[in-house]
Amino acid sequence: MSFHMSFVARSRLHALRVLDQRKADVPAQVHAFIKSSLENTKALGDAQRVFLIEASGHLNDGDSSPYSSATIKVQPLDIPD
């Protein structure tokens, strides 16, 4: 199974909502990793935080390839007030 997902969210809560809406786009393990990363991101006091989420790769399904690989990026972008 190959997968790819990319989006920008205006807040941590928005990122979690979009992630849940696009749950079928990525394997369960990738979804769990991204969700955990977002939930463990600390808020900054004087900045608004936007999130860039990217995930792509190939999950071994037993027939197509003996290998699995993934690239996952959960990048907070701080916008100063």
Q | Between helix 28-39 and the chain: long-axis angle, C-alpha atoms, 0 to 90°, nearest 10 | A | 10
Q) Quick one: if you stick a label point 7 Å off each Cα along the C-beta vector at Leu52 and Val18, how many nm between them? A) 1.2
Q. Using alpha carbons only, how many degrees (0 to 90, rounded to 10) separate the axis of helix 12-21 from the longest principal axis of the chain?
A. 30
Q.
Tell me the per residue accessible area of the chain using a 1.4 Å probe; a whole number in Å² is fine.
A. 66
Q) What do you reckon, how do Ile79, Ile34 stack up by accessible area (1.4 Å probe), largest on top? A) Ile79, Ile34
Q) Per the Kirkwood definition applied to all pairs of different Cα atoms, how many angstroms is the hydrodynamic radius of the chain? A) 13.5
Q: Taking the Cα centre of the chain as origin, work out the dipole magnitude from +1 charges on Lys and Arg Cβ and -1 charges on Asp and Glu Cβ, in debye rounded to 20.
A: 200
Q. Setting aside same-chain residues fewer than 8 positions from Lys42, which aspartates and glutamates have a Cα under 17 Å from its Cα?
A. Asp78
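List the chymotrypsin sites (Phe, Trp or Tyr not before Pro) within segment 1-46 that fall in a DSSP loop (any state other than H, G, I, E or B) and whose Cβ has at most 16 other Cβ atoms within 10 Å. Provide the component values of the computation, followed by the final result.
Working: sites: Phe3, Phe7, Phe33; in loops: none.
Qualifying residues, ordered by number: none.
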Q: For Val26, list long-range residues whose amide hydrogen, built 1.01 Å from N in the peptide plane, is under 5 Å from its own amide hydrogen.
A: none
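The values are calculated or read from the model by the stated rules, or taken from the named source; none is laboratory data. Just so it is clear, the model here is predicted, and its values are computed rather than measured. Note that we place each Cβ from the backbone using ideal geometry, even for glycine, and neighbour counts take in every protein chain shown. To get the accessible areas, we keep the full protein, side chains included, count just its heavy atoms, and leave off ligands, DNA and RNA. Shrake-Rupley method; radii C 1.70, N 1.55, O 1.52, S 1.80 Å.
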